[in-house]
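Written out below as structure tokens is the structure these notes cover.
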Amino acid sequence: MSASSRRLVLLGGAASLLPSRAFAAEQLHIGATHGIIDFAIGDSRLFRTTGSFKDWQGMVVVDDADVARSTVMVKIKTASIEMLDLQQSNMLKDAEFFDVAKFPEMTYVSRRIERTGESTLKVEGEITLRGITRPMGLDVSVTDRKPEAAVGAPYARFRGAGSLKRSHFGMVKFVDVIGDTVDFSIRTDAWR
């Protein structure tokens, strides 16, 4: 390690040479080219279906020195919703569901991040969908971490899971038949 990539840090009166990156917040890129956002809808015994969003991007700022200062932001193009059935995909784009003409994006922004284990985090944030903002928590695991990855290389793999009630966003059609709960998962590599 070169002298320019080190800095002198005083720890309890003792000097230690540590890489600068160990204390710097890392800005990482995530998106559909290196990950997937899936969802499953239906909490009845009769019906459960899955889909995904094909166009999304975001940023993760990792601050190892103070995890609470880390952040997550994701923007999803609602028209990129894709179900197994084309008719379902088209139905979810209309005004009674995502209303993609009026609301082309949905966003998720973290408000608080806390470490819950050696490689797990609890992310509390807000999702904005159809012009309505509500709290949404994600349980996140981090694997394959490579803090010394070069620019343009994968830094870590993130997996997050959470759920919401679609009725909270004005999507009430078929709630009594299909159900209200939508389970989300995001699996992505984060790149420098």
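Data for the structure
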read-out	value
Cα shape, the stretch 22-95, gyration tensor, a/c 1.5 rule	prolate
Accessible surface of the chain [probe 1.4 Å, protein heavy atoms]: carbon and sulfur percent	55
Qualifying GluC sites (Glu not before Pro) in the stretch 100-187, DSSP loop, other Cβ atoms within 10 Å at most 13	Glu118, Glu148
Linear extension gain, Thr120 paired with Lys75, 0.36 nm per residue minus alpha-carbon span	13.9 nm
Simple label model, 7 Å out from Cα along Cβ direction - Ala68 to Arg145, nm	1.9
Under the Debye formula (equal points on every Cα, no solvent term), log10 I(q)/I(0) of the chain at q = 0.10, 0.11, 0.12 Å⁻¹	-0.48, -0.56, -0.65
R0 of 25 Å, Cβ-Cβ distance Asp55-Ala153: FRET efficiency to nearest 0.05	0.60
Surface accessible to a 1.4 Å probe, per residue, for the residues of the stretch 143-192, Å²	49
Computed accessible area, Lys93, all protein chains, 1.4 angstrom probe, square angstrom	60
Candidates Asp63, Asp144, Asp38, ranked by Gaussian network fluctuation over the chain, Cα under 10 Å, top entry	Asp144
Surface accessible to a 1.4 Å probe, Trp56 within the full protein complex, Å²	10
For the stretch 42-85: accessible area per residue (Å², 1.4 Å)	58
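The values are calculated or read from the model by the stated rules, or taken from the named source; none is laboratory data. The shown structure was predicted, so the numbers you read here are calculated from the model rather than taken from an experiment. Heads up, the Cβs are rebuilt from the backbone with ideal geometry, glycines too, and the neighbour counts pull from every protein chain shown. Surface accessibility is based on the protein's heavy atoms, side chains included, excluding ligands, DNA and RNA. Shrake-Rupley method; radii C 1.70, N 1.55, O 1.52, S 1.80 Å.
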